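Working notes, structure below.
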Amino acid sequence: MHRRLAGDPWLVGRVIGQESAKAETYPDHTDQIYPREPWFARRDADAHGVVLDAHGKIAWGRAEIGGDPIVVVLAEQVSDARLAGLRKDGVSYIFAGERDLHLGLMLEILNRELGVKRLLVEGGARTAPSCEPVSSTRSAL
């Protein structure tokens, strides 16, 4: 459907994203410290599945949904253990806010890092309230 609507990636919230997870949990501890900057396991896809998961609650156990690489949108407060789990699964991630997710920042990062011009939102009623509105100082795509 996202190809028909000319969307680059598609976006869902945590609840819908959780339905595609295959693992139960990630370890609670790692000795690694990861910088809070975008990390991509794969950039070379026609489309990506973008999932809003501020606290990194989803343990993926897979790197793709329907052939589209997963990109998780996190808040900077997420634990290094969660980042280690995402990296182990080959799940890309970006940070779009310190505690809450900021849609404008997310759009800027997706545009800069993946060339996203149009994002197809497929989330439910919980997707919008989980994000701070796009401010007038941020440009939307």
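Miscellaneous remarks
- A simple rule links phi to the HN-Hα coupling: the Karplus curve 6.51 cos²θ - 1.76 cosθ + 1.60 with θ = phi - 60°, which for the stretch 80-86 gives 5, 4, 5, 4, 4, x, 4 Hz, with x for Gly and Pro.
- Residue-wise HN-Hα couplings along the stretch 26-40, as the Karplus relation 6.51 cos²θ - 1.76 cosθ + 1.60 with θ = phi - 60° gives them from phi, are 9, x, 7, 9, 8, 8, 7, 10, 10, x, 8, 9, x, 9, 10 Hz; Gly and Pro carry x.
- Close amide H partners of LEU101, meaning residues 5 or more places away or on another chain with modelled amide H under 5 Å apart, are GLU132.
- Distant-in-sequence amide H partners of PHE95 (H built 1.01 Å from N, under 5 Å): LEU74
- Restricting the stretch 64-107 to GluC sites (Glu not before Pro) that sit in a DSSP loop and have at most 12 other Cβ atoms within 10 Å of their own Cβ leaves GLU76, GLU98.
- Computed packing ranks the peptides 8-14, 47-53 as 47-53, 8-14, most packed first, by mean other Cβ atoms within 10 Å.
- Charge dipole (the stretch 10-132, unit charges on Cβ, about Cα centre) - positive-most of LEU11, SER79, ILE58: LEU11
- Rounded if a/c under 1.5, otherwise prolate or oblate - the stretch 10-132, Cα gyration tensor axes: rounded
- Built amide H within the under 5 Å cut-off of VAL71, gap 5+: GLY49, VAL50, VAL51
Read the figures in this text as sums done on the coordinates, not as results from a lab. This is a predicted model, so every value here is computed, not measured. Please note: Cβ atoms are built from the backbone with ideal geometry, for glycine as well, and neighbour counts cover all protein chains shown.
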